[in-house]
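As structure tokens, the structure follows; a few thoughts come after it.
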Amino acid sequence: MSTVLVLNSGSSSLKYQLLDPASSEVLTVGLVEKIGEPLGVITHERPVSDFTEEASEARRELPIADHGEALRLVLGLFDEVGPSLASASIAAVGHRVVHGGTLYQKPTIIDDDVVAGIESLTPLAPLHNPANVVGIKVARELLHVPHVAVFDTAFFSTLAASAYTYAIDAGLAERHAIRRYGFHGTSHQFVSQRVAAVTGRRDLRQVILHLGNGASASAVKSGIAVDTSMGLTPLEGLVMGTRSGDLDPAIVFHLQRVAGMEADELDDLLNKRSGLKGLAGISDMREVRAAADAGDRRAIEALDVYRHRLVKYVGAYAAAMGGIDVLTFTAGVGENNPQLRAEVVRRLTYLGLQIDDDKNLIRSKHPRVISPSGSLGPLVMVVPTNEELAIARQSLGAIA
């Protein structure tokens, strides 16, 4: 067995999983939170697997000064709780990196030049790439195996210029690398490949809705991404938990003039106080649904806006591809909210999309078709995403 340790380093957190890419088996999953705060928290879980007969879990609360200390503590928990990294045959460490710009369009073995390249893209992802780099530097010091960067933006490097170009001054856009990059690419690629495997077809026109706290749509034709809703940043596109998605850019100028808001305030507004949070006062879709069912007007209107944006994007992407063969829901909301799926699909019957109410209510961790059996129209599917497994497999592929 060859395993991969997948690391996702945030500004004050470190998520990790130890996986066997061949069997898809998760050997360990963990999270370090509140790095740099007075009291940090580590949760280290070892599920039942072929590698271990008993599940175990450890939780530690202690000050964690920085990411270096966080990873050292995690490695200590592997020794203490297991599984032992020495016997896990780690082949690589896979790092989730948010932004690859135009420099990195595939999984890339990390060396000093690659670290510098990721750092150079900080202006495009100031909240994410610096934290990703910190995690990479610390892990390379402590784990002496190949390290691979897997980029959120890479899957969308196939977009045509007509899809990634913004209609602004071309010279200015080129100087400042302004274009559509897209995000959640690891998820969209994994899900589109699972759809192809389940259906036995690669010549599919797929629309994929990755609906979580962050949300994005993609159009994938014969396995190649042709459009996506997120743009220069993850702010564009669908209505999200706290992000606005699409809006008239002149709203920013208007708020500067009439409300006296500055750049940082506007950034905070659109990224942290908009979306469902801005419309309904709450960002969790489950809570928004409960409030709407109880008659809360703001929550009802928030759901209307959320659904309307989804329907618009599906229709637009069907038009861009000349039709649609599969509509797939994935991520936390997409996988676990049958009511939303039904509401969206019923507004898309003009495309031939239909939903089977009984199939739609089935909960499963496996890919499944929820359109009626024997339907001649496009398929509707639910496919659980697994970005960690995708990163592990891509990392192993990069060093092969």
Review point. What do you reckon, is M240 touching a Phe, Trp or Tyr at 6+ places or on another chain (Cβ under 6 Å), buried (at least 18 other Cβ atoms within 10 Å of the Cβ), closer than 21 Å to A125 by Cβ and modelled with pLDDT of 95 or more?
Key: no
Point to revise | Tally of residues being within 17 Å of V326 (Cβ to Cβ), open to solvent by less than 90 Å² (accessible area, probe 1.4 Å) and part of a loop (DSSP other than H, G, I, E, B) across region 355-366 | key: 2
Check your understanding: Which residues, taken from region 303-328, are closer than 14 Å to L238 by Cα, in contact (Cβ under 8 Å) with a residue 60 or more places away in the chain and open to solvent by less than 40 Å² (accessible area, probe 1.4 Å)?
Key -> Y306, R309, L310, Y313, V314, Y317
Exercise for review: Give the residues of region 136-180 that are surrounded by 15 or more Cβ atoms within 10 Å (Cβ to Cβ) and closer than 15 Å to A125 by Cβ, sorted by residue number.
Suggested key: I136, A149, V150, F151, D152, T153, A154, F156, I178, R179, R180
Exercise for review: Consider R341 carefully, then state whether it is among the basic types (K, R), modelled with pLDDT under 95 and out of contact with any Lys or Arg (no Cβ under 8 Å at 6 or more places or on another chain).
Suggested key: no
Exercise for review: Sort out which residues of region 194-223 are in a strand (DSSP E or B), farther than 14 Å from L379 by Cβ and open to solvent by 10 Å² or more (accessible area, probe 1.4 Å), and write them in order of number.
Suggested key: H210, K221
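Results for (1) within 27 Å of H99 (Cβ to Cβ); (2) at pLDDT 95 or above; (3) touching a strand residue (DSSP E or B) at 6+ places or on another chain (Cβ under 9 Å); (4) basic (K, R), shown as yes or no for each residue.
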position	(1), (2), (3), (4)
S2	no, no, yes, no
L5	yes, yes, yes, no
L14	yes, no, yes, no
L18	yes, yes, yes, no
A22	no, no, no, no
E25	no, no, yes, no
I35	yes, no, yes, no
P47	no, no, yes, no
Check your understanding: Quick check: anything in region 380-388 in contact with a strand residue (DSSP E or B) (Cβ under 9 Å, 6 or more places away or on another chain), open to solvent by 10 Å² or more (accessible area, probe 1.4 Å) and of a type in the set (A, V, I, L, M)?
Key -> no
Practice item. Any residue in region 379-395 that's under 16 Å from H147 (Cβ atoms): show its pairings with residues that are hydrophobic (A, V, I, L, M, F, W, C) and open to solvent by 10 Å² or more (accessible area, probe 1.4 Å) at Cβ separation under 6 Å, as long as the two are six or more apart or on different chains. Key: none
Study note, to complete from the structure: Filtering region 244-255 down to residues that are among the charged types (D, E, K, R) and either in contact with a His (Cβ under 8 Å, 6 or more places away or on another chain) or open to solvent by less than 60 Å² (accessible area, probe 1.4 Å) (or both) yields D246
Point to revise | Which listed residue is among the acidic types (D, E) and over 27 Å from S244 (Cβ atoms), from D357, D296, D304, D284 | key: D357
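Out of contact with any strand residue (DSSP E or B) (no Cβ under 8 Å at 6 or more places or on another chain), part of a loop (DSSP other than H, G, I, E, B) and either at positive phi or open to solvent by less than 70 Å² (accessible area, probe 1.4 Å) (or both): is that true of G76 in this structure?
no
The values are calculated or read from the model by the stated rules, or taken from the named source; none is laboratory data. For clarity, every value in this text was computed on a predicted model and none was experimentally measured. Glycine also receives a Cβ, built like all others from the backbone with ideal geometry; neighbour counts cover every protein chain displayed. In case anyone asks, the SASA skips ligands and DNA or RNA and just uses the protein heavy atoms, side chains included. Shrake-Rupley method; radii C 1.70, N 1.55, O 1.52, S 1.80 Å.
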